[in-house]
Structures are given as C-alpha cells and as structure tokens.
Amino acid sequence: MRDVAAEAGVSAMTVSNALTGRRPVSEPTRRLVMETVERLGYQVNVAARSLRQGRTGVVGVAVPTLDSHYYSQLSHRLVVAFSQAGLATVVEETHASREGELAAFRDSRLNAYDGLVIAALGLSEREINALSREVPVVVLGEQELHQTVDHVSMPNVAGAEAATRLLLDRGCRRLALVGFPTLEDVEKVRLPEGAAFSLRTEGFLRAARAGGADVTSSHHGVTQAAGVLCAQDLLGRPERPDGIFCVTDTLAFGVVRGLADGGVRVPDDVLVVGFDDVEDARFHVPSLSSVAPDHDGLVAESVRLLQRRIQDPAATPTDVTVSFELVERESTTRPARPARRTRGARPAR
C-alpha cells in the first residue's frame, strides 16, 4: 500500500480509503489509485488483514437449491447486497437436507467465514441454536426458533389468505391447492415445524372455509413439471376447480402450461395465483398474479442482522417477518365480455 501511495503521490490512508470505501475519496483520486494498483499488480494480503481484523471479509449463503426461481434470485440479491456492504459471498446448495445444512455450518467454520445466512429446512431448533455458537448466523425460513437466533421470515399465512380471498372475490367457488402438504395429508404429515408450505396451506384453508368454497388439492413435486402433472390431475376430476392457488410461482407456471395442454384457458376458464412474485411472473403469458413478499426488505434485514451479529456476538436475537403485497396480473383478471345483443322479433303489422 505504501508503494502504491508513493507511485500515485498520495498518502497511504488515501489508498486505503480508495480501496475500502470507508471514507469518501474524490473520483479523480480514486481513479488514479486504481490505475496505479493495476499497473503495479498490487494485491491485498488477505491473510495479514484477517489476522489483524480477526475477520476474512467473506460470508456464506446456503440455500436448498439454485435451480429454483425463488432461491436463485434470492441468492443473487444477497450477493449484491453483501458486496455493497464490502463483503464477499460464497453460495452453496444444501439440497434441503439436514446433512447439507450441517455441511454449510461446517464449511463456514473451517473456512473462517465471518458469518452465514442459511435457509434452514432440515435442522431442528436445538441444532441451529448449538451451531450458532460456532459462527454468526441469520436463519431464513419458517422454523419456529423462539428468538434463539436472528431470524427473517415471510408472511406465509397472511399471504396465502390474501391470494385465496382474491380467487373468492373473483367469483371462484371450487378451489384447488397445488403444493405439499395436500389437504389429505396436512394433519398427518410432520414437516419441520413452521415450514413455509405448511403455513401457506393453513392460510389457504382459512380463507377458503371462511368463504364457503369447495376445496381439493394436488401434489406431484415442487418443479414446473410437477405443476403440469397437478393440472392434469385436476382436469381429470369430476368437478374441475375454477380457481387454483399454487404455493410457489414455479408450480403455478407448470399449472398454467398443463391447463393449456388440456385446452383450458387462464384466466377465461380458471384463475391461477402463485406465491413469491419471482421476476418471471411478469413475463409469462398470461402474466401471473402472485403474493409478493418484500424481497428487498428480507435481504436488507438479513444483511443488517448478520453485520450486527458479527460486530456484537452477544446481541439479543431478533425475529423479523417482512411485509407483502398481492400483485394482480392477467391470470386472475378475466377480460371484459362484450355486451350480448339479442335481435328482437319483428313487430306484427
């Protein structure tokens, strides 16, 4: 750093500020420093900086899969937000398994990450609480953690209720739930406590029962292909639904495709609404109505809480549930039908 400062004709502190962004530096000076860094081939001695600061400047992000509309976009948002906070990010998949989530904590500890953001589906509260003593952590998802660690979640019940009421308000009376657990399994299946899909099922049932609707459900997986199979299943039943709530947008995309393959049009014949409001929802044909959690708020809270936890390991755990809005698009908006004209009988003479 002193070599760069001498070559550029500035102070070592100016070089430090230009590289870290800790204090403002004029744009011409920053450009001069960066050009000098490039010319001299200067590199930060990460090991030395880590020893001095007790940190690596790297955080981990662990999600069930990157082959998903929601988790791929969430991971991207977190990488961008941490980068803006001056932190590098390592992203890994846990495959929604307990073993994968344990590995994410182990990798964070072995690689001396400053902290970890993890969407936990397979670990128990006791395990998360124990592992959080080894590495600063923020948990995403619907585990019931009783404020033992920092936790950011989505409004699953309220969002699903709002989506179902939208179908009811649009005149639907035969409703279908696409996702797991199905209505037949909801009482006997024991998912991780507070799992998102279970909560969305709860919200669907609350609104549907309050609205006096007939309900059914279908489940063949969590992919778009599974959504196609669910649509085929529902179309083969004696009473076809006139409104479908899908627990994810990914499933909804498949359902719309499956309905079209069966000659059923959305929204003319059946209405469909999803959950997550991924970017693709705006661009599908028809565009998909969806529950839109505050993605920006979720990411901002995750970054804020992890930075706080890194700075103050003894801070009181915080539990945050972000807000949502229901975005109505073409999949629940029936086109206005033209007025019917009836030709009257010719008057008698």
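The values are calculated or read from the model by the stated rules, or taken from the named source; none is laboratory data. Only a predicted model underlies this, so the values are computations on that prediction, with no experimental measurement involved. FYI the Cβ positions are ideal-geometry reconstructions off the backbone, even for glycines, and counts take in every protein chain you see.
Let me confirm something: among Gly221, Gly227, which residue is in a helix (DSSP H, G or I) and either at pLDDT 95 or above or outside the structural domain of Arg98 (by TED's automatic domain parsing) (or both)?
From the options Gly221, Gly227, the qualifying one is Gly227.
Give the residue, chosen from Ala292, Ala252, that is surrounded by fewer than 24 Cβ atoms within 10 Å (Cβ to Cβ) and either of a type in the set (A, V, I, L, M, F, W, C) or part of a loop (DSSP other than H, G, I, E, B) (or both).
Of Ala292, Ala252, the one residue that is surrounded by fewer than 24 Cβ atoms within 10 Å (Cβ to Cβ) and either of a type in the set (A, V, I, L, M, F, W, C) or part of a loop (DSSP other than H, G, I, E, B) (or both) is Ala292.
Determine which member of the set Val149, Val186 is outside the structural domain of Leu259 (by TED's automatic domain parsing), among the hydrophobic types (A, V, I, L, M, F, W, C) and modelled with pLDDT under 95.
One residue alone meets the criteria, Val149.
Every residue, every condition in (1) closer than 14 Å to Val327 by Cβ; (2) among the aromatic types (Phe, Trp, Tyr); (3) in the same structural domain as Val215 (by TED's automatic domain parsing); (4) in contact with a Gly (Cβ under 8 Å, 6 or more places away or on another chain), yes or no:
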residue	(1), (2), (3), (4)
Gln232	no, no, yes, yes
Asp268	no, no, yes, no
Val285	no, no, yes, no
Ser289	yes, no, yes, yes
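From the list Val135, Val139, Val91, which one is in contact with a His (Cβ under 6 Å, 6 or more places away or on another chain) and not assigned by TED's automatic domain parsing to the domain that holds Arg282?
Result: Val139 is the single residue among Val135, Val139, Val91 that is in contact with a His (Cβ under 6 Å, 6 or more places away or on another chain) and not assigned by TED's automatic domain parsing to the domain that holds Arg282.
Just name the residue that is modelled with the highest pLDDT out of those in the stretch 49-80 that are under 13 Å from the mean Cα position of the chain (by Cα) and among the hydroxyl-bearing types (Ser, Thr, Tyr).
Residue satisfying both the conditions and the ranking: Ser75.
Could you tell me how many of the residues in the stretch 270-284 are in contact (Cβ under 8 Å) with a residue 24 or more places away in the chain and in a loop (DSSP other than H, G, I, E, B)?
Number of matching residues: 5.
How many residues does the stretch 232-246 contain that are in a loop (DSSP other than H, G, I, E, B) and free of Cβ contacts under 8 Å to residues at least 24 places away in the same chain?
So the answer is 3.
Of the residues in the stretch 22-48, how many are in contact with a helix residue (DSSP H, G or I) (Cβ under 9 Å, 6 or more places away or on another chain) and modelled with pLDDT under 70?
3
Among Ala130, Ala104, Ala112, which is the only one that is within 20 Å of Asp319 (Cα to Cα) and outside the structural domain of Leu199 (by TED's automatic domain parsing)?
Result of the check over Ala130, Ala104, Ala112: Ala130.
Of Arg170, Arg174, which residue is at pLDDT 95 or above, in contact with a helix residue (DSSP H, G or I) (Cβ under 8 Å, 6 or more places away or on another chain) and of a type outside the set (S, T, N, Q)?
That would be Arg170, the only listed residue that is at pLDDT 95 or above, in contact with a helix residue (DSSP H, G or I) (Cβ under 8 Å, 6 or more places away or on another chain) and of a type outside the set (S, T, N, Q).
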